[in-house]
1. Condition test on residue 98, is it touching a helix residue (DSSP H, G or I) at 6+ places or on another chain (Cβ under 6 Å) and either closer than 17 Å to residue 128 by Cβ or not aromatic (Phe, Trp, Tyr) (or both)?
2. Filter the range 52-76 down to the residues that are over 18 Å from residue 24 (Cα atoms) and either surrounded by fewer than 20 Cβ atoms within 10 Å (Cβ to Cβ) or within 11 Å of the chain's Cα centre (by Cα) (or both) and list them by number.
3. Among all residue pairs at least 6 apart or on different chains, which show Cβ distances below 6 Å where the first residue, located in the range 87-99, is more than 24 Å from residue 112 (Cβ to Cβ) and the second is not in a loop (DSSP other than H, G, I, E, B)?
4. Has the range 84-106 got at least one residue that is exposed (fewer than 14 other Cβ atoms within 10 Å of the Cβ) and either among the acidic types (Asp, Glu) or over 21 Å from residue 18 (Cα atoms) (or both)?
5. Among the residues of the range 43-60, write down those that are touching a helix residue (DSSP H, G or I) at 6+ places or on another chain (Cβ under 9 Å) and free of Cβ contacts under 8 Å to residues at least 24 places away in the same chain.
6. Looking only at the range 105-144, filter to residues that are assigned to a loop (DSSP other than H, G, I, E, B) and among the charged types (D, E, K, R); which one of those is farthest from residue 52 (Cα to Cα)?
7. Just to verify a result, which residue in the range 105-152, among those that are touching a helix residue (DSSP H, G or I) at 6+ places or on another chain (Cβ under 7 Å) and aromatic (Phe, Trp, Tyr), is modelled with the highest pLDDT?
8. Pull up the range 1-33, narrow it to residues that are in contact (Cβ under 8 Å) with a residue 40 or more places away in the chain and of a type in the set (Ser, Thr, Tyr), then point me to the one that is farthest from residue 59 (Cα to Cα).
Amino acid sequence: MNRRLVPFLNWINLSTPCGLAVAALSGCRVSSGPYGILLAEGYRRRLPKARAFTVGSVVLLRGTAPRPPSRAFLRLLEHEARHARQYAVCFGLPFLPAYLAAAGYSLLRTGDPASRNLFERGAGLADGGYRERPVRPLRETAVAAIRPLAGAGRLRSGSR
């Protein structure tokens with residue numbers, strides 16, 4: 001997808017206005033960045049825990065961008081620009097539940113929300129600062145998924 005088209009698509013699908021609203025509500029300073037993205041510096045909310053995350057074509061950063069930008073930081077911005085393209089392909093905000101489902105699948109299979117998340121893989125794991133974790137066997141995955149549910153059932157039945 002053409003990089004120049006992405007910011008336009010993310011404006012009309014309303015994901016960039018939503019990103020700017022998150023930035024404004026979080027007290028961020030917004031400026032133009034490379035790759036057609038907007039940088040929102042100074043994000044301080046608890047979630048998500050990532051150093052940077054994207055809503056539409058807005059990249060929200062904890063703290064400030066390094067000046068001059070390091071190569072690692074530019075790679076991170078390329079990673080986030082790929083997420084902006086993913087928003088455009090997903091018609092904006094439907095990206096969020098799709099991303100959460102992919103993160104949940106990855107968490108179950110690897111114990112990490114990024115390693116098997118198709119959106120993080122498509123954006124480049126290493127560029128986003130992620131290390132790929134191995135896939136757990138299906139049996140181990142099933143046990144990890146069921147164990148919290150079984151524990152919750154014991155607490156409820158034992159509290160009567």
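The values are calculated or read from the model by the stated rules, or taken from the named source; none is laboratory data. Keep in mind that this is a model prediction, so the values were computed, not measured. No Cβ is skipped: glycine too gets one built from the backbone with ideal geometry, and neighbour counts run over all protein chains shown.
1. Criteria not met by residue 98.
2. At the first step, the residues of the range 52-76 found to be over 18 Å from residue 24 (Cα atoms) are 66-76.
Once the filter is applied, which keeps residues that are over 18 Å from residue 24 (Cα atoms) and either surrounded by fewer than 20 Cβ atoms within 10 Å (Cβ to Cβ) or within 11 Å of the chain's Cα centre (by Cα) (or both), the range 52-76 yields 66, 67, 68, 69, 70, 71, 72, 73, 74, 75.
3. So the pair list comes out as 88/6; 88/9; 88/10; 92/15; 93/15.
4. The answer is yes; a qualifying residue exists.
5. Once the filter is applied, which keeps residues that are touching a helix residue (DSSP H, G or I) at 6+ places or on another chain (Cβ under 9 Å) and free of Cβ contacts under 8 Å to residues at least 24 places away in the same chain, the range 43-60 yields 43, 45.
6. Taking the range 105-144 first, the residues assigned to a loop (DSSP other than H, G, I, E, B) are 111-117, 124-137.
If we keep only those that are among the charged types (D, E, K, R) as well, we get 112, 116, 127, 131-133, 136.
On the way: 112: 17, 116: 19, 127: 12, 131: 16, 132: 18, 133: 20, 136: 27 Å.
Here the residue is 136.
7. 119
8. Looking at residues that are in contact (Cβ under 8 Å) with a residue 40 or more places away in the chain and of a type in the set (Ser, Thr, Tyr), I get 15.
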